[in-house]
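The numbers here are math on the coordinates, done by the rules we state, and not lab data. Treat the numbers as computed from the prediction; the structure is a model and nothing was measured. Virtual Cβ from ideal backbone geometry, glycine too; neighbours counted across all protein chains shown.
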Amino acid sequence: MIKSKNVFREEELNDTTLLETLISNAIGRNQQLDTFMGLLNSINKNAVLTIDGGWGSGKTIFVRQLNFLSTLNSTDVSRLNLTSIETFQEKYTTYYFNAWENDFHEDPLQSILFNLINDLWGVRERAADSLTQISSGLLDSLIKTTSMGLVDTAHIRDAKNITQLVDSITTATERKKAVDDIINNYLDLKGKKLLFIIDELDRCKPTYAVKLLEVIKHYYTNDKIVFLMSTNNQQLAHTVKKVYGESFDGTGYLSKFYDLVFNLPKFKSSEYITYLGAKLNNGYWKDEVPLEVANTLSLSMREINRYYSSLGLIEHYLSNEDRFTIGNISAQLVKYVFIPLAYGLRIHNLDDYHSFVNGNGEDMLRLFCKSSDTAIRIINRSAASTDTARQEATEEMVLMYLKMTTGLREAGDHYDIQESKDHFDRVVLLMNSSGVIDDEDGAIED
């Protein structure tokens, strides 16, 4: 896990952050978590479930919270039933598998076996090809349970790692028998069921995603295991079509794999933004304005995380540049209003971003000022006490914005205006090189 002071990066979904979001119900999803745990607690057979949600809807944090709850000690968690948590912990061992991080494996069966054995069975030594070595004891046991005239035992005895083992088990019957053997006898489940959580499936290579679905359906039918897919099924249906052709019914294909589809409710951005504000809670303009930007633009959870992560890099640049410490109103507007708003637009909508940085964003700025008390305080040095005062402050800011972006000048303008425009242009150049990649009609990733 990447260590950073920036708590908003996706890599920072560690135990501390997950516990904070659960206790505070920061995302407003604890009730849905409780409902879903109740569903899982009622399952006594093999099943394939899916958490379905659009890009940035918070699917990953939902399943990561669920995974975290499987080992959480008794804690007063808002809107979560402690009895449900205890039942969930008694019934399941959970395992989180990021499919996107493992799609370099050509064989999903091999990929899943490798991770299960490596992390749950306890084998740690690495073979030269980066796949976990199998102990002779496990090989002998596999041979005993799968050599009833079905498996070439000589080939299995020669296998040194997961790749060779799976390759040596050649028929569907042999593979299914070997998978069942590992689940039944070698995973340390302590009498529990295994909840195997698969995340980011829709981001995988199409061939790997389809193979993984088919492997799960055909080989992992043991009643000790429940699969939970976290994915954007609309996007995954398109992925299926890339493999089988555009005329193929991708949605119908997926419906054959799932026993239940759990549609994740719409993300409550205001609650998450309030949570972030409470964590910052220092009254600095540099923290308040981004919160207002995220709220005004109704950013998704992933957009919010990406926004804070990217904006943090820009802020480091600003802090290290003496030119941005000029104590004038134009410089402060550039640093604390125009740049955070521009970057929010960069993340959310590229067309709006380009309009804003090219001087055609007056209406966007006016809309932002309606909900941004901080922006008004920056230009007014105090909160506007009346609607008229707020409107006057807004128009003063719009005029300053046009000077920053279009070169508009008036008699008596100070040299600071040109300095501030140069500063704004420098940061726009950085934002244009920030690596935000757009696909799927403006979505960055799911």
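Applying the criteria of a DSSP loop state and at most 13 other Cβ atoms within 10 Å to the trypsin sites (Lys or Arg not before Pro) of region 18-70 yields LYS45. Would you mind checking the pairs LYS242/LYS266; LYS91/LYS266; LYS176/LYS211; LYS45/LYS192; LYS176/LYS205; LYS91/LYS176 and listing those with alpha carbons more than 18 angstrom apart? The answer is LYS242/LYS266; LYS91/LYS266; LYS176/LYS205; LYS91/LYS176. Proximity of backbone amide H atoms, modeled 1.01 Å from N, is registered between ASP107 and no other residue at under 5 Å, excluding neighbours fewer than 5 places apart on the same chain. The H on the amide N of THR94, modeled in the peptide plane, is under 5 Å from the matching H of LEU195, each at least 5 residues off or on a different chain.
Listed values for region 218-234 are Karplus-derived 3J(HN,Hα) couplings in whole Hz (6.51 cos²θ - 1.76 cosθ + 1.60, θ = phi - 60°), namely 9, 10, 10, 10, 5, 5, 7, 10, 10, 9, 10, 8, 10, 7, 8, 5, 5, and x replaces Gly and Pro.
Close amide H pairs (under 5 Å, H built 1.01 Å from N) link SER230 with ILE51, ILE198, ASP199, GLU200, LEU201, residues at least 5 positions away or on another chain. The stretch between GLU395 and GLN31, if pulled fully straight at 0.36 nm per residue, gains 126.7 nm over its current Cα-Cα span.
The string of couplings for region 387-400 from the Karplus curve (6.51, -1.76, 1.60, θ = phi - 60°) is 4, 5, 4, 5, 5, 5, 5, 4, 5, 4, 5, 4, 4, 5 Hz, one whole number per residue in order, with x for Gly and Pro.
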